[in-house]
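Before any comments, here is the structure.
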Amino acid sequence: MAKRTTKTIKSKAAATVENALGKYQSTVWQHSLLTDFDISLFLLGKHFKLYEKMGAHLSTVNGVDGVYFAVWAPNAQKVCVMANFNGWNRESHLLYNRWDESGIWEGFIPHVKKGEVYKYYIKGFDGSDLEKSDPYALHAEHPPHKASVVWDTDYQWKDKAWMGKREKKNALDQPISVYEVHLGSWQRDPADPERVLSYGEIAKALVPYVVEMGFTHVEFLPVMEYPYYPSWGYQVTGYYAASSRHGSPQDLMVLVEEFHKNNIAVILDWVPSHFPGDANGLYHFDGTHLYEHSDMRKGFHPDWKSYIFNYDRNEVRSFLISNAMFWLDKYHLDGLRVDAVASMLYFDFSRNEGEYGTNEYGGTENLGAVKFLKDMNEALYGNFKGIQTIAEESSTYDGVTRPVYAGGLGFGMKWMMGWMNDTLKYFKVNPIGRKHNHHQLTFSMTYAFTENFMLPLSHDEVVHGKSPMIYKMPGDEWQKFANLRALYAYMWTHPGAKLLFMGDEFAQTSEWNCFESLNWDLLQHAPHKGMLVLVKSLNELLKTEPALYHHNFSHEGFEWQEADDADQSIYVYQRRSDKAKDTLVIAINLTPVYRENYRIGIPVKGKWKEIFNSDAEGFYGSNKLNSDPKLTENIAHQHQQQSIAINLPPLAVSIFKKAGK
């Protein structure tokens, strides 16, 4: 194997560093893990496992242990590894610029070990002196430090049982109830509230809680390394590095594995839409706009003061799709929720006239982003059985969850932002005025099956002055809690998957603060404890009633019986599976008035039993239940041949099902 000694540095200070290098001898061996085929795929935007070759890899060359480094910087004048082992000397370990057109700098440095801290020194195209973190680093220093750490993803997984059944458990015809979590603030160390918990500590507390609550999925806000804590992880600098705030990559793997052992799927928020301009990050990486558009009308996001990936560039698509593959491959994750998709699809997203660029045809659609998302979904679904991708997409873009072969983007699900906005607007209205807003709740069913929707009540709804969920509700304390119970019961019986942000399940009374633990002390109080029990009961109902999930994304699973009783603010609808015996009839009363002998249509003759009532005493309700089964009467009503008269509690949801066979 050929060796090369880097250029001798003649200064006395540099000579001192050179002497301190000892066994490293300021040498870089010419060595490559990249084949010609790798390079070809990379340049075509079709290399989806770059993490196996790029970055820092513990290797053995000619019987000598060390680390192979590879970084893409096609416009750099030179690239060197600066690290603890060479006294952070910028010049001592110069990488080789490959002989091909890839723009990759690489080399093997003997004797470097796992845990070594390093950066790349890059002499930019413009002559700038840049110190960059490794875009493919597997680990990073604890913020505010910004260097990369030589690491590996070796782990002996013990989740074979879960991986074998994931395809069925994570399917769209199964119950999906997601608990959205920010790992740094779900719970903190009671003895030191300033300290975030480690991945292991989180596993011991969070996993049993999610199991007890009956959620089927957990979703983590981004865990990729990020410098600015109040960004919640959405301003990523280390796309391949699990945040060291909570421990090592293997510690995160333990957390994922513990969820899998308990049959809980794990989804990760992923941010391929933008990245921050931190000096050590991707921005201006080799002295040029390498990862971002050079045209800032396309390459800069004014809302987030961040930079937008250039999806037209093949190498950038390879980087991003490889990153998506990486988390599913090395961390056994069961899905990705892709952030801010609408901002990727349109150049004019959140911009005024004249502030945005256009595509080659003069339109505002970002064609490179469309190609990237299609390629990504095809790669993920083609390589991993039983995973799901979920788009946080707020526009009316057609076909987000349609397969790529049918002209769509290929996502498994899409957040139903319209439902969220209309529902919260409705519930904020004083019940006296709800009759004037009645169809804000019925409108969602006009488009509910145009995509595979997930109903989100996410972190975005309880920050920045929007108030916690409980204080969005009108009325006195009892009415606030009754309204929120009714909202959750309506949500769980509406078609679509469910997502609820941490703290909402027990009616957190303050906005979410990423620097503080949730206020678990609230569970000492009956209204909050009742809310927790309600959500747990809804999750159990979702799992045990096929009508609530079998046809979550198709019209066969839903039928309106009463959508126009605006004067009384009452709604009645059916949820159905393929079996008539599973049919549920849901009645909702969204005024504080107790309605006696309210007649609802029933599809099948026989005795019908109330199987759920959000007004139950155990939920902190007034306990106005329909305790005895109701025998149908031969009175046609609400498009049904049979009907029953029920009592509708105030601000509540009642669910009926046929008793017996």
Report summary line: Filtered hits (lysines, Cα-Cα < 17 Å from K132, offset >= 8 within chain) -> K78, K119, K123, K146
Report summary line: PRE zone check, label point 7 Å out along Cα-to-Cβ of D565, amide N under 17 Å, scope the range 440-481, hits 440-442
**Report entry** Cα gyration tensor shape for the range 227-289, rounded if a/c is under 1.5, else prolate or oblate
**Finding:** prolate
Report task. State the three equivalent ellipsoid semi-axes of the range 461-509, derived from the C-alpha gyration tensor as the square roots of 5 times its eigenvalues, in descending order and whole Å. Result -> 18, 15, 9
Report summary line: For P474, the net charge from surrounding residues (Cβ-Cβ under 10 Å; K, R +1; D, E -1) works out to +3
Requested in this report: List the aspartates and glutamates whose Cα lies under 18 Å from the Cα of K472, skipping any in the same chain that are fewer than 8 positions away.
Outcome: D422, D460, E461, D504, E505, E511
Query raised in the report: From the square roots a ≥ b ≥ c of the eigenvalues of the alpha-carbon gyration tensor of the range 404-480, which class results: rounded (a/c under 1.5), prolate (a/b over b/c), or oblate?
Result: oblate
Query - Among beta bridges that DSSP assigns inside the chain, antiparallel share in %, nearest 5 - result: 75
Report summary line: Length-normalised contact order of the chain, Cα under 8 Å, at least 6 apart, in percent, tallies to 10
Query raised in the report: What does the convex hull of the alpha-carbon atoms of the range 555-658 project to on average, in nm²?
Result: 6.3
Report task. Could you check the simple spin-label distance between H142 and E353, using points 7 Å along Cα→Cβ, in nm with one decimal? Result -> 5.4
**Report entry** 0 to 90° range, to nearest 10: angle between helix 526-544 axis and the chain longest Cα axis
**Finding:** 90
Query raised in the report: Amide H to amide H under 5 Å from T237: which residues, 5+ apart in sequence or cross-chain, H placed 1.01 Å off N in plane?
Result: Y226
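Every number here is computed from the coordinates shown, using simple stated rules; none is lab data. All of these numbers come straight from a predicted model, not from anything done at the bench. With ideal geometry, Cβ positions are generated from the backbone for all residues, glycine too; neighbour counts draw on all protein chains shown.
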